[in-house]
Amino acid sequence: MDKRMYYHSRCIPFESLRMDTSMAQQCYENMLTRTLTDECLPKLKDYGIEIVELRCVWAEIEREKGIFDLSRVKNDIKILKENGIGVGIFPWFQYPPAWVKDITMLKCAVHGIENTVMSLWDEKTLEAYDRLYGMLKRELGNDIDFIYAGIYGDYGEVCTVDENHHYHFMSKENHNCLWCGDELARRDYKNHLQNKYGTIENLNEAWGTAVGSFDDELITIEGNVTMKLDFSRWYANALLEFTDKVCAIIRKHFPDVRIGLPIGQPDEHLEAQTIKSQSAKIAAKHNMYARWTGLIYRGSFARNHILTRRVSTAAKFYGARFGIEAALILNKETAFDAIYETASNNATLLHNDPGNIIRAEEIYNQFKAMDIEAPFTSDLAVFYPVEAEQCKMLDINAFYEEMGFFRKRRDYEIADSYMIKDGYLKTVKKLLLAKNTIITKDTLSDIEDFIKDGGICYVVEGFEPTVLETGEKVTVGEKIEGYDFFGEEKEVFYTDHGSYITEYVPHEGRINHIDKRDGGLLL
């Protein structure tokens with residue numbers, strides 16, 4: 001295991017931002033446009049920043065076909081090298097220049113609006129990525145110390161377009177919806193359904209519809225559960241397959257460079273088109289960091305824990321290194337949350353903005369040499385009902401709040417149906433199905449096998465799980481009266497790392513590493 005903690009920051013060119021948007025103003029407030037100035041660089045060096053991320057956007061570097069202008073990037077690289085800081089490049093190749101006319105653009109399936117992001121269903125998108133990463137290797141390869149794998153969506157992460165439009169190259173029509181309305185996407189879904197059902201009669205029987213042909217409008221999230229599952233699984237898997245191919249392209253051109261796979265979106269609602277555990281699996285396959293974006297989302301450690309642990313558990317299970325990016329905007333009160341999330345989830349990469357670091361300088365300076373000694377460990381996992389979330393049958397915010405309430409009693413790992421199918425339950429002894437959990441029939445069968453093999457499954461009496469496909473309540477596992485079964489609620493958090501415990505006392509702003517061998521404090 002890589003025990004060393006790496007500290008990263010980033011720089012965003014001022015000229016790329018639409019300053020009339022609130023997000024651009026937050027970027028400016030967090031000093032992202034001033035990273036390479038004398039105001040910031042000495043502070044970053046003192047903190048121990050190893051890498052500064054620079055953006056490389058296709059729409060900005062090839063305004064004329066075949067003519068690349070990397071002058072801004074090269075000048076920024078020069079400044080970093082003169083200051084002894086490594087170079088990270090985050091290519092945003094999903095945004096093409098205006099002269100690109102032969103690649104299909106994303107289109108909203110609901111509103112028919114076209115986007116400035118290329119369709120992941122067009123093979124020419126991957127061809128463009130291959131050409132551009134090859135160019136990057138030729139032009140900057142000897143200067144690059146770290147690559148943030150630019151995949152898709154607003155921010156190059158493993159998710160699709162959301163409601164952001166604070167860069168000039170982003171569409172002002174961006175909104176949170178189903179970006180699968182282009183002709184190629186529709187054709188892919190049609191082929192997917194034909195391969196699964198064979199005949200339109202079989203599809204109608206499964207969907208409870210009277211569709212006349214596979215050429216009819218089939219992209220919808222309305223209808224019965226089978227319909228919803230068919231669409232949500234196809235939609236998410238399309239992005240995962242695309243992500244795998246992009247990662248392979250990047251590794252082909254940069255076989256020896258350290259790479260992080262940015263995993264975004266706090267939730268996994270259908271429109272996000274993301275399944276975080278499977279993004280971590282892809283990161284492991286290509287020897288990349290699974291870098292979770294969104295640390296300290298909404299400012300509550302207990303509530304946020306499920307979001308971070310969701311990715312870190314998958315990274316540990318699949319064998320990927322884990323990294324964290326701190327969210328806009330952290331202050332002194334939330335700085336300790338960021339440090340504890342990093343330590344308790346065994347991240348070996350903490351990506352933080354200049355404003356965050358300078359704003360809480362006295363706190364961050366206490367952890368300039370923080371190393372991670374051992375993985376977090378728990379014999380209990382909480383089930384994450386991703387299918388129910390994507391089928392819009394789950395109040396995900398209520399689920400997060402409940403898990404935040406539970407975290408005040410006990411630490412836990414997180415498993416979804418994909419991880420369970422890959423054998424995750426062999427790594428834990430206990431599984432909690434939180435109140436009113438919704439599970440698929442396949443997952444229920446896997447949990448029943450887990451119990452037969454000696455595992456313990458807890459369900460809260462009166463709040464038994466429901467089967468997604470049938471809506472039936474099921475009797476499974478050992479009934480408990482409530483979460484008090486696991487202990488009293490407390491405001492001190494513990495994470496077990498085997499040889500030591502990480503303790504966090506939020507109301508005191510204190511983090512301790514307690515050595516189990518002698519009870520002493522390591523920090």
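The values are calculated or read from the model by the stated rules, or taken from the named source; none is laboratory data. Note that the structure is a prediction, hence the values are computed from the model and not measured. All Cβ positions, even for glycine, are placed from backbone atoms using ideal geometry, and neighbour counts span all protein chains on display. Quick note on the areas: whole protein, heavy atoms, side chains included, nothing else; ligands and nucleic acids left out. Shrake-Rupley method; radii C 1.70, N 1.55, O 1.52, S 1.80 Å.
Derived scalar couplings between HN and Hα for segment 444-458 equal 4, 4, 5, 5, 4, 5, 4, 5, 4, 8, x, x, 10, 10, 9 Hz in order, rounded to whole Hz, by the Karplus curve 6.51 cos²θ - 1.76 cosθ + 1.60 (θ = phi - 60°), x for Gly and Pro.
From the square roots a ≥ b ≥ c of the eigenvalues of the alpha-carbon gyration tensor of segment 58-108, which class results: rounded (a/c under 1.5), prolate (a/b over b/c), or oblate?
Working: a/c = 5.06, a/b = 2.17, b/c = 2.34.
Verdict is oblate for segment 58-108.
What is segment 184-308 by shape, rounded, prolate or oblate, if you read a ≥ b ≥ c off the alpha carbon gyration tensor as root eigenvalues and call it rounded for a/c under 1.5, prolate for a/b larger than b/c, and oblate otherwise? Kindly include the intermediate steps, with their values, before the conclusion.
Numbers: a/c = 3.60, a/b = 1.64, b/c = 2.20.
Because a/c hits 1.5 or more and a/b fails to exceed b/c, segment 184-308 counts as oblate.
DSSP assigns beta bridges within the chain; of those with both partners inside it, close to 25 percent run antiparallel.
Each semi-axis of the equivalent ellipsoid for segment 412-509 is √(5λ) with λ an eigenvalue of the Cα gyration tensor; in descending order they amount to 28, 17, 12 Å. Counting other Cβ atoms within 10 Å, keep those with at most 11, restrict to DSSP loop, and tell me which GluC sites (Glu not before Pro) in segment 412-470 are left. Here the GluC sites (Glu not before Pro) that fit, given the DSSP loop and packing criteria, are E461. Amide H contacts under 5 Å for Y500: K516, restricted to partners 5 or more places along the chain or on a different chain, H placed in the peptide plane at 1.01 Å from N. Projecting the alpha carbon convex hull of segment 111-206 along each direction and taking the average yields 8.7 nm².
What do you reckon, how do R303, R138 stack up by accessible area (1.4 Å probe), largest on top?
Numbers: R303 20, R138 175 Å².
Accessible-area ranking of R303, R138, largest first: R138, R303.
When a 1.4 Å probe is rolled over the protein heavy atoms, the share of accessible surface on segment 4-60 that falls to carbon and sulfur comes to 47 percent. The relative contact order of segment 264-314, computed from alpha carbon pairs under 8 Å that lie at least 6 residues apart in sequence, is 42 percent.
How much net charge surrounds L425 when only other residues with a Cβ under 15 Å from its Cβ are counted (Lys, Arg +1; Asp, Glu -1)? Can you show the working numbers first?
Numbers: positive: K316, K421, K426, K429, K430, K452; negative: D379, E413, D416, D422, D442, D446, E448, D449, D453.
Once all neighbours under 15 Å are counted, the net charge is -3.
Remark: the Cα gyration tensor places the chain in the oblate category, a/c being 1.5 or greater and a/b not exceeding b/c. Bridging of K43 to aspartates and glutamates at a Cα separation below 13 Å is possible for D353, E361, E362, once same-chain residues fewer than 8 apart are set aside. For segment 364-379, the Karplus equation 6.51 cos²θ - 1.76 cosθ + 1.60, evaluated at θ = phi - 60°, returns couplings of 5, 5, 6, 10, 5, 10, 6, 10, 9, 8, 8, x, 5, 9, 8, 8 Hz by residue, with Gly and Pro reported as x. Accessible area of S71 (1.4 Å probe, protein heavy atoms only, ligands and nucleic acids ignored): about 70 Å². Here segment 236-284 is treated as a sphere whose radius is the Kirkwood value from Cα pairs; by Stokes-Einstein at 37 °C and 0.692 mPa s it diffuses with a coefficient of 284 µm²/s.
Measuring between alpha carbons in the structure, the pairs from K228/K441; K78/K285; K81/K137; K430/K479; K281/K316; K426/K473 lying more than 21 angstrom apart are K78/K285; K426/K473. Per atom type, segment 91-153 shows carbon and sulfur on 43% of its accessible surface, probed at 1.4 Å. Within segment 284-355, the proportion of Cα pairs with more than 19 Å between them is 27 percent.
Rolling a 1.4 Å probe over the protein heavy atoms gives the chain an accessible area of 39 Å² per residue. Each residue of segment 504-514 was assigned a 3J(HN,Hα) from its phi angle through the Karplus curve 6.51 cos²θ - 1.76 cosθ + 1.60 (θ = phi - 60°); the sequence is 10, 10, x, 5, 9, x, 10, 10, 10, 9, 9 Hz, with glycine and proline shown as x.
The distance from the alpha carbon centre of segment 441-505 to that of segment 68-103 is 47 Å, rounded to a whole number.
Computing the accessible area with a 1.4 Å probe over protein heavy atoms, can you report the carbon and sulfur percentage for segment 345-413?
Details: 950 of 2000 Å².
Carbon and sulfur atoms account for 48 percent of the accessible area of segment 345-413.
Note on V100: accessible area is roughly 10 Å² with a 1.4 Å probe, heavy atoms of protein only.
Using Cα pairs closer than 8 Å and at least 6 residues apart in sequence, work out the relative contact order for the chain, in percent.
13 percent
Can you quote the Å³ per residue value for the convex hull of the Cα atoms in segment 391-430, rounded to an integer?
Details: hull volume 3.1 nm³, N = 40.
Roughly 78 Å³ of hull volume per residue.
Highest-first packing order for the peptide set 60-70, 76-86 is 76-86, 60-70, based on the mean count of other beta carbon atoms within 10 Å. The Rg/Rh ratio for segment 95-163 is 1.02, where Rg is the radius of gyration of the alpha carbons and Rh is the Kirkwood radius.
Taking all Cα pairs closer than 8 Å and separated by 6 or more residues, the relative contact order of segment 127-263 comes to 37 percent.
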